[in-house]
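Input: a single structure, listed below in structure tokens.
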Amino acid sequence: MEINISRVKRDIEKIAEFNATPGQGCTRFSYSPEDSKARNYLIEEINRLGLTTSIDGVGNIRARLEGSMKDAPAVLIGSHIDTVLHGGIFDGVLGVVGSLEVIRVFKENNIKNDIPIELIIFVEEEGSNFGSTMAGSKVLTGKYGIDEIKSIKNSMGLSMYEVAKEVGFDPDSSQKYLIKTGDIMAMIELHIEQSVVLESEKKPIGIVEAIAGIKWFEIEIRGVPNHAGATPMVMRNDALVGASEVITTINSKTRTAYPSTVATVGKIICHPNVPNVIPGKINFTLDVRDTNPEGIRIILNEVEKKLNEISKKFNLSTSMKLLGESNPIILSNELVNLIEETAIEKGLPYKKMNSGAGHDACLFGGITNVGMIFVPSIGGRSHVPEELTSYEDIKAGCELLLNVVYKLTSSLTKKT
Ligand SMILES: [Zn+2]
């Protein structure tokens with residue numbers, strides 16, 4: 001029972017060809033012509049294996065390898081195939097192609113699984129169309145209903161509901177395909193790490209124990225716009241000077257919070273944004289994440305304190321609006337142990353770690369046991385054209401997934 005890495009490589013490279021921005025990274029938004037070609041390629045590969053396929057109301061694909069226990073809850077494996085604008089070729093695709101390869105190995109070795117295995121290919125994980133990440137898995141797990149997919153819109157003003165319908169899906173039928181508690185036995189996602197930890201520790205495998213919770217805010221600081229030449233320094237209410245103090249405080253306080261806490265100001269808008277006018281209003285975002293909710297709370301406390309301080313110091317007014325949040329997810333201890341035990345048996349060096357990025361697997365937290373396997377990203381780069389993982393590490397990740405799925409689904413485990 002062995003992974004055929006040349007098949008995995010062929011699949012990754014083939015899917016990378018379905019790209020709207022050749023030469024400038026990989027761009028494959030859900031519902032685009034490139035996405036449709038990638039889906040067709042995968043469905044053809046799935047059909048070759050004789051799996052039963054179903055496609056839900058927004059385009060999530062599920063392909064099932066039956067087991068001897070016909071109606072048993074399946075082990076779900078897979079990821080997404082959409083990318084960000086000018087992204088890489090491994091994010092998401094690795095988990096899909098690696099899971100497909102696991103099923104191929106089962107078929108070609110005539111391995112008799114008792115528990116069914118399902119390959120899942122999620123749509124719209126990156127939020128590239130409608131600004132909402134993991135929208136496909138949110139629909140599949142019932143976190144998003146028809147109202148939500150009608151309310152999230154792309155840059156043309158079209159909703160996910162409308163676009164899914166336009167390309168031939170039937171979003172009104174989504175309810176019929178929901179995955180609920182008890183429907184699946186476990187969900188395991190293989191993914192690139194998208195950070196530097198595994199590479200710096202020279203470990204081919206990361207076993208994820210927790211996924212960070214996220215809070216997104218928009219912070220507004222209001223001062224008084226005025227003439228840059230005629231207004232003396234002591235008489236200014238400069239919103240950008242206040243904002244800069246808040247931003248540097250966010251960075252310095254996060255460095256001394258928990259090692260797992262991260263905070264980013266990634267977007268800033270200055271009004272009126274004119275060289276000879278004192279800035280009257282600044283809007284910027286705050287993205288704060290931690291697997292430990294206490295880390296997030298500490299940073300928000302510091303931000304509030306600093307906003308109060310600058311409003312007095314520079315005579316500004318401030319406000320902070322929550323844009324979105326997700327709770328930290330603790331992955332299944334049982335699966336972490338099983339993955340660890342299997343890595344040891346296979347002689348694969350590993351590190352137990354947390355994920356700062358969100359993944360489709362997060363949505364299954366309250367529904368079933370969730371596990372995640374990471375493989376290293378060279379230079380920690382992801383969501384960029386330079387995104388890269390060695391095929392040696394990819395093989396290690398696929399092999400580990402294969403053996404974990406084997407243990408979960410084969411009769412051998414039940415006898416022991
Ligand atoms: Zn991803």
Legend entry - Value of relative contact order over the chain, rounded to a whole percent, pairs C-alpha under 8 Å and six or more apart: 22 percent
Inset, instruction - Rank by packing, highest mean first: peptides 252-259, 99-106, 275-282, 296-303, with packing defined as the count of other Cβ atoms within 10 Å averaged across residues. - result: 99-106, 296-303, 275-282, 252-259
Legend entry - Quotient of Cα Rg and 2.2 N^0.38 Å for region 213-326, N being how many residues it contains: 1.12
Legend entry - For the chain, calculated [θ]222 nm from helices alone, where every DSSP H run of n ≥ 4 adds -39500 (n - 2.57): -10500 deg cm²/dmol
Legend entry - In range of the label at residue 155: residues from region 61-90 whose backbone nitrogen is under 12 Å from the point 7 Å along Cα→Cβ: 85-86
Legend entry - residue 304/residue 218 FRET efficiency (R0 22 Å; Cβ-Cβ; nearest 0.05): 0.90
Legend entry - Gain upon complete extension [residue 323, residue 85; 0.36 nm per residue less C-alpha separation]: 83.5 nm
Legend entry - Rg to Rh quotient for the chain, alpha carbon positions, Kirkwood Rh: 1.03
Legend entry - Relative contact order [Cα under 8 Å, 6+ residues apart], region 323-404, whole percent: 33 percent
Inset, instruction - Under a cut-off of 22 Å between alpha-carbon atoms, report the lysines in cross-link reach of residue 352, not counting same-chain residues fewer than 8 places apart. - result: 202, 203, 395, 407
Inset, instruction - Using the Cα centre as the reference, give the magnitude of the dipole from point charges on the C-beta atoms of the chain (Lys, Arg: +1; Asp, Glu: -1; all else neutral), rounded to the nearest 20 debye. - result: 660 debye
Inset, instruction - With label points built 7 Å along Cα→Cβ from the Cα atoms of residue 69 and residue 271, find their separation and express it in nm. - result: 6.0 nm
Legend entry - Rounded accessible area per residue of the chain, 1.4 Å, Å²: 44 Å²
Inset, instruction - Could you please state, rounded to a whole Å, how far the C-alpha centre of region 346-378 is from the C-alpha centre of region 12-50? - result: 24 Å
Legend entry - Candidates 243, 74, 228: whichever shows maximal mean-square fluctuation once the chain is modelled as a Gaussian network with Cα springs under 10 Å: 228
Inset, instruction - Take each uninterrupted DSSP H stretch in the chain, measure its Cα extent along the helix axis, and return the ones at 24 Å or beyond whose mean Kyte-Doolittle hydropathy is at least 0.0. - result: 239-255, 391-409
Inset, instruction - Per residue of region 162-177, in order, report the coupling 6.51 cos²θ - 1.76 cosθ + 1.60 (Karplus, θ = phi - 60°) as ³J(HN,Hα) in whole Hz, putting x for Gly and Pro. - result: 5, 5, 4, 5, 4, 8, x, 8, 10, x, 5, 8, 3, 3, 5, 9
Legend entry - Diffusion coefficient, µm² s⁻¹, Stokes-Einstein with Kirkwood Rh over alpha-carbon pairs of region 299-415 at 10 °C and 1.306 mPa s: 88 µm²/s
Inset, instruction - Round to a whole angstrom and tell me the spacing of the C-alpha centers of region 105-126 and region 189-240. - result: 38 Å
Inset, instruction - Keeping the other protein chains in place, figure out the carbon and sulfur percent of the accessible area of region 213-326, with a 1.4 Å probe. - result: 56 percent
Legend entry - Of the GluC sites (Glu not before Pro) in region 344-414, those whose Cβ has at most 15 other Cβ within 10 Å and which sit in DSSP loop: 386
Legend entry - Mean separation of Cα contacts under 8 Å (6+ apart) over length of region 213-326, as relative contact order %: 45 percent
Inset, instruction - Name the most mobile residue of 267, 346, 112, meaning the one with the largest mean-square fluctuation, in a Gaussian network model of the chain with Cα contacts below 10 Å. - result: 267
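The values are calculated or read from the model by the stated rules, or taken from the named source; none is laboratory data. Everything quoted here is computed from the prediction, not taken from an experiment. Cβ coordinates were reconstructed from backbone atoms using ideal geometry, including for glycine residues, and neighbour counts include every protein chain displayed. Ligands, DNA and RNA are stripped out before the accessible areas are found, and what is left, the full protein with its side chains, is counted by its heavy atoms. Shrake-Rupley method; radii C 1.70, N 1.55, O 1.52, S 1.80 Å.
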